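Below is one structure, written out as structure tokens; comments come after it.
The values are calculated or read from the model by the stated rules, or taken from the named source; none is laboratory data. Nothing here was measured: the structure is a model prediction, and the numbers come from that model. Using ideal geometry, Cβ is built from the backbone for each residue, glycine included, and neighbour counts are taken over all protein chains shown. Note: accessible area is taken over every heavy atom of the protein model, side chains too, but ligands, DNA and RNA are not part of it. Shrake-Rupley method; radii C 1.70, N 1.55, O 1.52, S 1.80 Å.
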Amino acid sequence: MAPSKGIIPFNKPYAGEAAVSAVNRVLQGQTFAGGGPFTQRCKDYFSERFGFEHTFLTSSCTDALEMCALLLDLKEGDEIIVPSYTYVTSALAFRRQGANIIFADSQARHPNINIQTLDKLISPKTKAIVAVHYAGMGSNLYQLKELCTTHNLVLIEDAAQAIDAYFDNKPLGSFGQLACMSFHETKNIHCGEGGMLIVNDDKFTGRAQILLDKGTNRSDFRRGLVKKYECVDIGSSFLASELQAAFLYGQLEHLDAIQSTRLNIWNRYNDAFQDLPTGWIPFVPELSRHNAHCFYLTLPSEYTWSDLTQFLKKRNISSVTHYQALHKSPFFKNTYQGEDLCHADYFTNSLVRLPLFAELTLEQQLRIIESVFEFERQVSI
Ligand SMILES: *Cc1c(COP(=O)(O)O)cnc(C)c1O
């Protein structure tokens, strides 16, 4: 079989020379646990490049979200507003700390949270709104911030997919009091499993450090402020090891190259698919400059995502849908008492992500594009 007909994977995590050599440096050294020199380099990079002054490298974005839940000091009955169309831990991190999750709908043309529906979801028990930047696209962030200020709520950005993505030229991750990023192998920049908490409100910084230090005042000890460190709060082992930090730093050194490759691929899909019927290609929200995290199509309601993924599978192309709306999930559906979330349902039924990774070749991409048009011709007869 000709190599061009081999299976095109949905994702192929990129390692890169720099990541490999950084990991080798850790292996030759003495520091393997978290908080070492590579952790510091990553933190410096995030501060210099994106202006994130207070970052905490964690083992996952889920960890960072769980730190947010702890920082909120949730009490029984407290409510957190989360879009239904998102990854499970955007909601579970808060549920685990006892919060009631209030699910919000998506926008009609974009999976992000629908700001128009929020007024009626906010109650005296609401503590925070989680804004997920789907596909690395931010939307309505000024209005979200304003709404949170008016109601005294914490804005938390689930910026898992949003490294090097911007809203009104400001980096995603800089809008909420708290923001979380993921460095899971499915994201643009990764270290296998990894994440980061970004603290943009100083009132949370000291306590975030204590949570990361497993509930101790170890950072005071490191700075010589106390003779011994002791248990001062709750906490857990959230931090990333130096192995993860080194791999991540190597990836950051290639960030510009990775991003420009991904953006080229994204734009090639987007240009080619201008000829598809309206509504199939992604709508990029106003003021959003995305990071080519993923390219997706949304099919008209007569079809479901599996019609296209099956069709592509027969042509050796792996494509996948994304989230299943959480308000209808086995875990949440029995307690869900809100309204129908028709846009979240629509993205659940219709969304298909196409292969997008740094090493996708032009030839492979043209094969994917051709196959999508073949599907479209077949269904539109
Ligand atoms: C990937 C992702 C997460 C989870 O990230 P982990 O690092 O795997 O914990 C959470 N939220 C969103 C929106 C994601 O895309």
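If you check Tyr303 against the conditions, is it in a loop (DSSP other than H, G, I, E, B), open to solvent by 40 Å² or more (accessible area, probe 1.4 Å) and not charged (D, E, K, R)? So that I can check it myself, show each step before the final result.
Working: in a loop (DSSP other than H, G, I, E, B): yes; open to solvent by 40 Å² or more (accessible area, probe 1.4 Å): yes; not charged (D, E, K, R): yes.
It is true that Tyr303 is in a loop (DSSP other than H, G, I, E, B), open to solvent by 40 Å² or more (accessible area, probe 1.4 Å) and not charged (D, E, K, R).
I'd like to check something: does the stretch 116-139 contain any residue that is under 29 Å from Arg262 (Cα atoms), in contact (Cβ under 8 Å) with a residue 60 or more places away in the chain and open to solvent by 40 Å² or more (accessible area, probe 1.4 Å)?
Taking every residue of the stretch 116-139 in turn, none turns out to be under 29 Å from Arg262 (Cα atoms), in contact (Cβ under 8 Å) with a residue 60 or more places away in the chain and open to solvent by 40 Å² or more (accessible area, probe 1.4 Å).
Please work out if Ser182 is within 16 Å of the ligand (Cβ to nearest atom) and farther than 21 Å from Lys12 by Cβ. Reasoning before the result, please.
Numbers: within 16 Å of the ligand (Cβ to nearest atom): yes; farther than 21 Å from Lys12 by Cβ: no.
Judged against the criteria, Ser182 is not a match.
What are the pairs, 6+ residues apart or on separate chains, where a residue within the stretch 363-381 that is β-branched (Val, Ile, Thr) has its Cβ under 7 Å from a residue that is modelled with pLDDT under 95?
Once the first residue is β-branched (Val, Ile, Thr) and sits in the stretch 363-381, its partners that are modelled with pLDDT under 95 give Val379/Tyr303.
Considering only residues that are more than 19 Å from the chain's Cα centre (by Cα) and within 17 Å of Ser371 (Cα to Cα), which ones fall in the stretch 274-303?
Scanning the stretch 274-303 gives Gln274, Asp275, Leu276, Pro277, Trp280, Ile281, Thr298, Leu299, Tyr303.
Suppose we filter the stretch 93-107 for residues that are open to solvent by less than 60 Å² (accessible area, probe 1.4 Å) and more than 18 Å from Gln177 (Cα to Cα); how many remain?
Residues meeting the conditions: 9.
Report, by residue number, each residue of the stretch 276-302 that is in contact with a Phe, Trp or Tyr (Cβ under 9 Å, 6 or more places away or on another chain) and at pLDDT below 95.
Scanning the stretch 276-302 gives Pro300, Ser301.
Quick check on my filter: what residues within the stretch 79-92 are open to solvent by less than 10 Å² (accessible area, probe 1.4 Å) and under 21 Å from Leu211 (Cα atoms)?
Correct list: Ile80, Ser90, Ala91.
Of everything in the stretch 15-66 that's hydroxyl-bearing (Ser, Thr, Tyr) and within 16 Å of the ligand (Cβ to nearest atom), which residue is surrounded by the fewest Cβ atoms within 10 Å (Cβ to Cβ)?
Looking at the filtered set, the residue picked out is Ser59.
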